[in-house]
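What follows is calculated from the coordinates using simple rules that are stated; it is not laboratory data. None of these values were measured; they are calculated from a predicted model. No Cβ is skipped: glycine too gets one built from the backbone with ideal geometry, and neighbour counts run over all protein chains shown.
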Amino acid sequence: MTSIFCVLRATVTAFVVLAGIIVLFLMYHKSFPSLKCHPSPAHLRRLAKQANLRITPLVTKQPSRPAVTHHTDKPVVLLWFWPEDKKFDLQDCKTLFKIDSCHLTDDRSFYSRAHGVLVFHRAIRDDLSNLPTSPRARFQRWIWFNMDSPTNTRRISGIKGLFNLTLSYRKDADIHVRWRLALKKNTDEDFVLPRKERLLCWIVDSADLDTKSTERFSYYRELVKHIEVDVFNSSSVEFSQGVNYFLTISSCKFYLSFEDSLHRDYITETFNGPLVAGTVPIVLGPPRRNYEDFAPGASFIHVNDFPDAATLAEFLLTLDKDNRAYMRYFNWRRFFTARRHLTEENREFAHAICQACHHIGTSKAYRVVPDLYKWLLQ
């Protein structure tokens, strides 16, 4: 029995040793690198292309960088037409008015990415053929740019509902353009009256004095029967280029701020000029109350305050002899100051265009006016 037991133990031991050797061999064999060659990445892509598969590289995806463009941080405002071809330096918005809230350009290649397209009304053809033909982006706003009164605004069929912003002299325009009086920082500063060499002046195209029949010329022809008016020809070089404009007005005690048509809010630079120059404006335009929306009532004289031109002339001659009464028309200067408007011919529309830049850069509001002409006549 003992011998049999010894044989069995030797057999089991040998079996266990053999099994261990086999396990170690298998483990060793599995750890060897495979002799099979894997295709290179380029070959793998070629095979995938043949099999119409898409291979995504197993690498961390880097964030894409936007294409480098100019002024990507500012909305683009495209000036579709230069008004009356009067071109100015587009940097004037920043240098003259401290407006730098948009990228203003006249390059039409910017159309598809322009946030605002500024369209000058007078330049639009009757058949609209010179307006943009490409589809308008959802974010894009078209600005109707019109500084003319209803009397002088040409009607163009087809533009109703086309624009969603208005740029105008009108107080209720989306972008209201006016040279405003500003509050004075130092109210203790005394106003010094410029030297006065003339009583009553007017800068106007002298060729129109005897030919035009509009209200301002009719009133002038009646007024000069009772008082002398020094007329300066606006078409002369010195005034068309803005030279001596304010200097001339400041030399007069009174100035004829007569508008070429009478409509609500239609109060132009002809009113701002004498306010800046230290002269009393004699206004002919919308009613006095409308003027008082923009300037103190005691800063000007309205022709409607008098029954006729003869009575106005008599009043001006009386003021000429009463300096204390005359100086009351400048009491507003203790609290307000008037800013010079641009008088150079090529910069006539610069202020309005820069205001459009400011609006697009600071506001996303828009409004569609179904009938521009009806709105203008309100």
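When +1 charges are put on Lys and Arg Cβ atoms and -1 charges on Asp and Glu Cβ atoms, the dipole computed for the stretch 182-340 relative to its Cα centre reaches about 580 debye. Positive contributions from Lys and Arg (+1) and negative ones from Asp and Glu (-1), summed over other residues with Cβ under 13 Å from the Cβ of K160, come out at +1. When peptides 92-105, 141-154, 251-264 are ranked by their average number of other Cβ atoms within 10 Å per residue, the highest-first order is 251-264, 141-154, 92-105.
For D320 and W375, FRET efficiency with R0 = 30 Å and r from the beta-carbon atoms, rounded to 0.05? Once rounded, the FRET efficiency stands at 0.10. The protection proxy used here, the mean number of other Cβ atoms lying within 10 Å of each residue, ranks peptides 359-366, 296-303 as follows, highest first: 296-303, 359-366. All other residues whose Cβ lies under 13 angstrom from that of D148 are scored, Lys and Arg at +1 and Asp and Glu at -1, for a net of -1.
Selection among T214, T187, T311 by position relative to the dipole of the stretch 182-340 gives T187 as farthest towards the positive end (Cβ unit charges, Cα centre). In this Cβ point-charge picture (+1 for Lys and Arg, -1 for Asp and Glu), the stretch 245-292 has a dipole of about 180 debye about its Cα centre. The Cβ shell under 13 Å around L262 holds other residues with a net charge of -1, Lys and Arg each +1, Asp and Glu each -1. Here the contact order of the stretch 238-378, divided by its residue count and restricted to Cα pairs under 8 Å and six or more residues apart, works out to 23 percent.
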